[in-house]
Amino acid sequence: MSDRYIPVQWNANKWLYDGVLLIACAAYILVFLRLGAPAADLTRPVDGAILRMRAFGSCAFFMLSVILCIGPLARLDRRFLPLLYNRRHFGVITALVALTHAVYVLNWYYAFSPTDPMVALLGANTSYGQILGFPFETLGIVALLILAVLAATSHDFWLSFLGPPLWKALHLLIYLAYGCVVAHVALGYLQDSKNPAFALLFGLSALAVAGLHLAAWAKAPRKSRGSGEWIAVAAPHEIADGRAKILPMPDGKRAAVFRDGDRIGALSNACAHQNGPLGEGRVIDGCVTCPWHGFQYRLEDGCSPPPFTEKVPTYNLRLRDGVIEIATKPNAPGTPATPLQIAEAAHV
Amino acid sequence: METAERLLAIGQGYLWIGLVVAAVFLAWGIDRVEAKAQGAWIFRPLLLPGAVLIWPLVLWRWLRVERGNACPQAPYRPPLTAQRLFSMIVIFACPAILMGALLLRQDGPLERPAVQLAAPQEGQAHE
């Protein structure tokens with residue numbers, strides 16, 4: 001959180017995250033370059049430039065696969081949340097690795113004729129009507145353009161200026177980019193490769209991404225259990241101290257009902273920063289803390305503590321027969337909603 | 001090749017317009033639409049690539065904020081509905097594409113004899 005924009009909000013965790021990421025990338029590329037030549041088909045030796053473009057291309061594919069696994073992994077198991085914390089830097093580095101792959105391709109396959117390399121790239125193969133021999137390069141270009149847009153709009157300013165729904169919609173294009181990358185690899189490299197190891201690795205990566213998304217999808221709450229003005233949540237003691245119970249609401253939104261000691265309050269489950277799941281976070285020093293990037297909101301009014309200005313909607317709560325009930329209609333962001341006192345519950 | 005040249009010219013035109021929009025927005029407009037950006041200059045060069053790439057969105061949002069049409073409730077709409085739809089791409093389409101492409105390989109599991117493709121006609125070669 002910051003009350004004024006700065007280029008990058010570095011801290012020790014981000015340095016560590018980025019350091020590990022860069023070291024892992026460099027190690028992968030070095031190992032690929034070292035082992036790639038012997039692993040290639042010996043009857044058709046591979047040039048150094050081709051080896052380098054494959055090293056960066058496959059690295060970008062695996063990085064993109066990991067990025068897409070982080071979201072569902074964090075939903076399935078809280079221990080993966082630290083991976084999510086700096087995922088945007090992961091995305092920017094992936095875009096740069098993919099760009100390096102593209103530069104190697106342009107400077108090798110399209111650099112030795114009088115035709116402009118970009119024109120040659122787009123015009124050399126226009127057989128869009130067939131599957132085998134499909135111009136898979138175009139799929140790579142589409143994916144690279146999407147990754148470039150996502151990387152270029154990853155700063156918090158864009159999130160605030162475009163608004164979370166639009167920013168999030170824009171960044172959902174990562175799924176399209178991944179589909180294009182998979183098709184790019186499937187119709188390109190995998191059509192020619194004589195080495196089954198990479199076909200297996202690509203397949204396993206895509207299956208891991210698919211399987212984890214399916215598992216997270218199955219775990220997500222489906223529909224609201226009630227209607228009308230109030231719906232039942234749980235008995236106060238059923239909510240762990242400092243944690244929340246997430247409820248799908250009749251209007252399609254989600255509410256998070258938190259317990260902080262003897263206080264119980266309810267906020268929108270969507271963080272105002274990046275729509276992170278507030279209900280999967282904790283109450284720290286009286287503030288609900290988003291598990292994704294640590295944005296905080298007061299339980300009593302959904303406002304971030306000064307000097308920060310973020311707000312989320314609150315929900316009114318009441319107790320009926322020892323059960324917490326939540327109003328189905330949210331209050332405007334930042335509206336005070338007095339938390340229930342658990343001690344009250346014993347007397348109702 | 002003509003189509004490729006035309007596409008590239010359109011792309012270059014788009015980026016040039018983007019550069020102009022980005023320069024005006026980052027030098028002047030950003031202070032009008034974002035309180036946290038006022039007086040903060042060092043981070044602006046970092047926004048340049050984004051502003052160039054998505055300049056139509058920048059203009060649209062800028063106009064909305066200037067006219068006071070920005071919806072205060074918009075940030076709290078649930079984001080997950082579309083995400084589920086998009087995740088279908090990775091759940092179903094990606095494995096299907098990979099498996100399909102491997103099956104279609106000329107020396108793959110469904111081995112088929114190699115086909116000699118016809119040489120392109122004179123006219124087609126320059127398209």
Cα centroid separation, region A:240-275 to region A:160-193 (Å): 31
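Within 10 Å, at most 13 other Cβ atoms, and a DSSP state outside H, G, I, E, B define an exposed site. Report the longest part of chain A free of exposed chymotrypsin sites (Phe, Trp or Tyr not before Pro).
A:129-348
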Spacing of the two label points (7 Å from each Cα toward its C-beta) at A:THR115 and A:ARG318, in nm: 7.4
Share of Cα-Cα pairs in the protein assembly as shown lying beyond 45 Å, as whole percent: 21
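Across the residues of B:46-53, average count of Cβ atoms on other protein chains within 10 Å?
Numbers: counts 8, 8, 1, 5, 12, 5, 1, 7.
The shielding value for this peptide is 6.
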Mean separation of Cα contacts under 8 Å (6+ apart) over length of chain A, as relative contact order %: 13
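Filter chain A for me: DSSP H helices, axial length by Cα at least 15 angstrom, mean Kyte-Doolittle hydropathy not below 1.0. List them by residue number. It would help to have the intermediate numbers written out before the result.
Details: long enough: A:12-39 (40 Å, 1.25); A:48-76 (41 Å, 1.49); A:87-109 (33 Å, 0.73); A:136-152 (24 Å, 2.46); A:173-187 (21 Å, 2.01); A:196-219 (34 Å, 1.49).
Long hydrophobic helices here: A:12-39, A:48-76, A:136-152, A:173-187, A:196-219.
Looking only at other chains, what is the average number of their beta-carbon atoms within 10 angstrom of each beta-carbon in A:274-284? Write down the numbers at each step before the final one.
On the way: counts 1, 7, 1, 1, 0, 0, 0, 0, 0, 0, 0.
Other-chain Cβ atoms within 10 Å of each residue's Cβ, averaged: 1.
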Residue mean of other protein chain beta carbons inside 10 Å, A:158-170: 6
Long-range lysine pairs (8 or more apart or interchain), the protein assembly as shown, Cα under 29 Å: 26
For region A:10-33 versus region B:1-38, the gap between their alpha-carbon centres in whole angstrom: 32
Inter-label distance, nm, simple model (7 Å from Cα along the C-beta direction), B:ALA82/A:LEU204: 3.5
Length gained when the stretch A:GLU229-A:LYS329 is fully extended (0.36 nm per residue, less Cα-Cα span): 35.3 nm
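Any read-out appearing in this document is the output of simple, stated calculations on the displayed coordinates, not a laboratory observation. As the structure is a computational prediction, the values presented were derived from the model and not from experiment. No Cβ is skipped: glycine too gets one built from the backbone with ideal geometry, and neighbour counts run over all protein chains shown.
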